[in-house]
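Bear in mind these aren't lab numbers, they're just calculated from the coordinates by the rules spelled out. Being a predicted model, the structure only gives us computed values, none of them experimental. Neighbour counts run over all protein chains shown; Cβ positions are idealised from the backbone, glycine included.
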Amino acid sequence: MSNRWPFAWPLWLMLLVWAAGVAWAPRAFAVTVELPADVVQDKIRGGLLGHLLGDLNGLQHEMKYIAEPGNVTEYTPSLPEGAWTDDDTDFEWVYIVAMQVRGVTRIPAEDIPALWQKHINRLFWCANQYARQLMDLGMEPPLTGYVPFNPWSDFNISGQFVSESWGLISPGMPQTAARIGLNYTEVAISGEPAQTTQLFDAMIATAFLTDNLDRILDAGLAAMDPKSVVSQVVSDVRGWHQQHPDDWRATRRLVKDKYSRFHGAMRDKNGFELNTASVIGALLYGHGDYVRTSIAAFNFGWDADNNAATACTIIGVLKGGKWMMSQGWNIKDVYRNTTRDNMPMDETITSFGDRLIALAERNIIEQNGKKVARDDREYYQVQVEKPANLEPLPDQAALTARLRSSKKAGIAEGILRGASDRQRAGAAYEAICLDLALPFIEKNAAEWAKAIEALQGFPKVVGVLFQSEVPAANPLCQRALAAGLKKPENKVKIW
């Protein structure tokens, strides 16, 4: 089944066929839509510009509105000195450049530590900061994002803010967007935050096909495990918006009352619950208007720059780059590298967009689509995917049990016969995390002491452990102390 859009069927009819037909159709009979290449490319540029503006204009509101919402009433988007690298976009930028160089859409997990060690060494926080130190112990993704090893990974919003680009390079392909997104976000997170990756990538990919926010939100819901807290958050905000369509403060208050569970501490401010709710609230109360959506994202608060970036990526796709650039906003065509080692120093917003467009074209073709020319115009034939949950919530107890079983022999090898300090240190860290240290302490005291000494020789690893003031870190720190690891006397500088 194929369709030339927007010249054959009206969009609403194409979406009806997509919603009704793709649910049962086998791949061979999947719905194919034909999208003008210039329209898709303009939407990618609009999404990128929305992403950059939301992030960088939102920084002044980051973590400012916690107990109470913000009170922003006027806002004019602008980047008079151009854009610059920030963790909301520069993790993706590192991956995007590497994807182009390698000619792939998913860099293998075993290659990611070397990529980070070359490019990502400073100006990172929370789950990503922790994952980076685990890489120095020799740990690879997705272990670096597993809850037993990374105490930030079960709540941090990295699942959201390292996700937007993968929706932009997957127009009409929400499953593909989520699959690529999980490959990169699960470097630092897992569980509920991985549901946010699937939520937002599905929404962005779907925004290429419809400007109906309800359909976009429905696609996001379909991409999540229905048993997840994230799914409930989205449903709650939609319900509260229906009850209070003209009172965003009432919805914000209901969000805070239900999902602020840690007295406004970092676990709240940096957690997926409040920030996912803020993105959804901004979209609903913004009514498809770019500036109103931005203001709503700022005012909902918490990690506001990330939330504005995600919401404005979606609106940017809907509006397109040409529309955004026609608004008279002061935007300089620069993407200045201030954070990432061994990366281009001459990037622009245009060249960043060029990279995304090239990857989108590769991605479309890899997913059995094609690029065709007709009547002096180019089109992408895209095999539209039905949004679906690719990765359900894991059973954490069962996962930990499997890790204990699969890692036990390697841990013993590293502690008893480790050939290097890194191998001994990595084995000691894994033993502490998986509660496997006691037999070594009791039966192999000398070897265990060497392993602990080796781990102590990685001060940044020890630092991120004892400086992680989040709930999951507390029992891990207690086990580490009981195993003989010493808490640093002074705060460790990580970067």
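What to note about this one:
- For the chain, relative contact order (Cα pairs under 8 Å, six or more residues apart, normalised by length) works out to 24 percent.
- Remark: the Lys493-Lys118 segment gains 133.1 nm on full extension, using 0.36 nm per residue and subtracting the alpha carbon distance.
- Annotation: aspartates and glutamates with alpha-carbon distance below 16 angstrom to Lys256 (same-chain offsets under eight excluded): Glu68, Asp236, Asp247, Asp268, Glu273, Asp303.
- A straight line joining the Cα centroids of the range 240-300 and the range 129-166 runs 25 Å.
- Counting all C-alpha pairs of the range 332-405, share separated by more than 13 Å (%): 79
- Summing Cβ point charges (Lys, Arg +1; Asp, Glu -1) relative to the Cα centre of the chain gives a dipole of roughly 840 debye.
- Dipole orientation for the chain: of the candidates Val470, Asn363, Gly103, Val470 has the Cα lying most toward the positive pole (charges on Cβ; Lys, Arg +1; Asp, Glu -1).
- Annotation: extensible slack from Gln232 through His287 equals 17.6 nm (criterion: 0.36 nm per residue apart, minus Cα-Cα distance).
- Pairwise Cα distances in the chain exceed 39 Å in 24 percent of cases.
- Reachable lysines from Lys319, criterion Cα separation under 24 angstrom, eight or more residues apart if same chain: Lys43, Lys332, Lys371, Lys386
- Net charge of Cβ neighbours under 12 Å - reference Asp421; Lys, Arg +1; Asp, Glu -1: +1
- Using the Cβ-Cβ distance between Leu416 and Gln456 with R0 set to 22 Å, the FRET efficiency from 1/(1 + (r/R0)^6) comes to roughly 0.75.
- Structure-based [θ]222 nm, the chain - -39500 (n - 2.57) summed over DSSP H runs of at least 4, per residue, nearest 500: -17500 deg cm²/dmol
- For the range 64-79 and the range 319-363, distance of Cα centres in Å: 25
- For the range 235-319, chymotrypsin sites (Phe, Trp or Tyr not before Pro) are listed when DSSP marks them as loop and at most 16 other Cβ atoms sit within 10 Å of their Cβ; the list is Phe262.
- Computed magnitude of the charge dipole of the range 396-482 (debye, nearest 20; Cβ of K, R +1, Cβ of D, E -1): 240
- Under Karplus coefficients 6.51, -1.76 and 1.60, residue-wise ³J(HN,Hα) of the range 421-435 in Hz, glycine/proline x: 4, 5, 5, 5, 5, x, 5, 5, 4, 5, 4, 5, 4, 9, 6
- Additional length obtainable on full extension of the chain from Arg374 to Ala472, 0.36 nm per residue less Cα span: 29.6 nm
- Whether the range 233-379 is rounded, prolate or oblate, judged on the alpha carbon gyration tensor where a/c under 1.5 counts as rounded: prolate
- Cut-off 17 Å, label 7 Å out along Cα→Cβ of Ala446, residues of the range 400-417 by amide N: 415-417
- When both bridge partners sit in the chain, DSSP labels roughly 65% of those beta bridges antiparallel.
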